[in-house]
Amino acid sequence: MLEIKNLHAIVEGEDIEILKGVNLTVSKGEIHAIMGPNGSGKSTLSKIVAGHPGYEVTEGDIIYDGESILEMDPDERAHAGIFLAFQYPVEVPGVTNMTLLRESYNTIAKSRGREEMDPLEFEDYLKTKLDLVEMNPEFLHRSVNTAFSGGEKKRNEIFQMAVLQPKLSFLDETDSGLDIDALRIVSGGINQIHGDDDAVVMVTHYQRLLEYIVPDVVHVMIDGVIVKTGGKELALELEEKGYDWLENA
């Protein structure tokens with residue numbers, strides 16, 4: 001589904017290289033975790049796959065469903081099934097969750113030749129997804145993330161994922177700032193959404209998320225490169241040893 005080949009990238013307009021040759025392959029049905037210290041390039045990788053305009057790819061390629069997506073705009077990537085849950089979800093005052101999701105859903109449906117939903121149909125569809133993240137229906141009529149707690153914002157991101165049903169989801173530190181109850185709810189939602197035809201890549205610092213969502217593959221990124229790949233036991237080793245043993249290897 002996804003193949004990242006020797007990816008190098010800089011911040012747009014600057015000469016400082018952040019990604020320095022990332023290689024990553026993700027297949028359908030898999031859950032991958034990318035771990036690493038602050039500033040290692042994990043979040044940058046997520047944003048570049050989603051098409052963030054603040055970064056420039058200087059070398060390498062991103063192959064998704066057999067085609068390079070480097071020349072695709074962010075909306076085209078979203079239409080193709082790529083989803084990014086932000087580390088810091090943005091607030092959108094004046095735009096309700098229901099409006100944002102209906103416009104997003106119908107735009108994606110149209111791009112794939114599917115039928116769009118009218119407002120009543122879509123509201124019924126949304127209500128079938130609310131239980132996945134234990135969300136109160138009143139959130140549908142509130143402005144996107146406005147006056148939401150940190151946990152509510154993260155739950156709202158996973159709710160969006162459930163509604164839009166992407167094929168490839170990058171979850172950028174979804175566990176950041178969550179208490180134990182919110183972590184349980186968010187993780188449970190991800191586990192229920194994930195299936196054999198999609199893939200999830202989780203960016204995280206901590207092994208605790210992986211107690212709830214068991215990854216097929218764990219990668220360690222340090223200084224813009226994936227330096228080690230292994231199974232779920234690698235996360236436990238990192239919890240015990242930290243990153244120094246890999247940084248100094």
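The values are calculated or read from the model by the stated rules, or taken from the named source; none is laboratory data. Owing to the predicted nature of the structure, the values given are computational and were not obtained by experimental measurement. Cβ sites come from the backbone with ideal geometry, for glycine too, and all protein chains shown count toward neighbours.
Can you say whether residue 85 is among the small types (Gly, Ala, Ser) and closer than 17 Å to residue 50 by Cα, as far as the supplied structure shows?
So residue 85 passes the test.
May I ask you to say which residue of 38, 6 is more than 19 Å from residue 165 (Cβ to Cβ), surrounded by fewer than 20 Cβ atoms within 10 Å (Cβ to Cβ) and modelled with pLDDT of 95 or more?
6
All but one of (1) aliphatic (A, V, I, L, M); (2) more than 30 Å from residue 120 (Cα to Cα); (3) modelled with pLDDT under 95 hold for residue 69, so report the exception by its number.
Result: residue 69 passes all but (3).
Restrict the check to the range 168-177 and report whether at least one residue is under 16 Å from the mean Cα position of the chain (by Cα), part of a helix (DSSP H, G or I), at pLDDT 90 or above and under 20 Å from residue 2 (Cβ atoms).
Within the range 168-177, none of the residues are under 16 Å from the mean Cα position of the chain (by Cα), part of a helix (DSSP H, G or I), at pLDDT 90 or above and under 20 Å from residue 2 (Cβ atoms).
Return only the number of the condition from (1) touching a Lys or Arg at 6+ places or on another chain (Cβ under 8 Å); (2) part of a helix (DSSP H, G or I); (3) surrounded by fewer than 17 Cβ atoms within 10 Å (Cβ to Cβ); (4) not aliphatic (A, V, I, L, M) that residue 192 does not satisfy.
Result: residue 192 fails condition (1) only.
Filter the range 96-118 down to residues that are touching a strand residue (DSSP E or B) at 6+ places or on another chain (Cβ under 8 Å) and part of a helix (DSSP H, G or I) and give me whichever is farthest from residue 139 (Cα to Cα). Walk me through it before giving the result.
Initial filter on the range 96-118 (touching a strand residue (DSSP E or B) at 6+ places or on another chain (Cβ under 8 Å)): 96-97, 100.
Narrowing further to those that are part of a helix (DSSP H, G or I): 97, 100.
Values: 97: 7, 100: 12 Å.
Among them, the one singled out is 100.
Go through the residues of the range 63-71 one by one and say whether even a single one is out of contact with any helix residue (DSSP H, G or I) (no Cβ under 7 Å at 6 or more places or on another chain) and hydroxyl-bearing (Ser, Thr, Tyr). Show your work before the answer.
First, pick out the residues of the range 63-71 that are out of contact with any helix residue (DSSP H, G or I) (no Cβ under 7 Å at 6 or more places or on another chain): 63-68, 70-71.
Filter again for hydroxyl-bearing (Ser, Thr, Tyr), leaving 64, 68.
Yes, some residue in the range 63-71 is out of contact with any helix residue (DSSP H, G or I) (no Cβ under 7 Å at 6 or more places or on another chain) and hydroxyl-bearing (Ser, Thr, Tyr).
Kindly provide the set of residues from the range 149-169 that are touching a residue at least 40 places away in the same chain (Cβ under 8 Å) and over 17 Å from residue 191 (Cα atoms), ordered by number.
Selection gives 153 alone.
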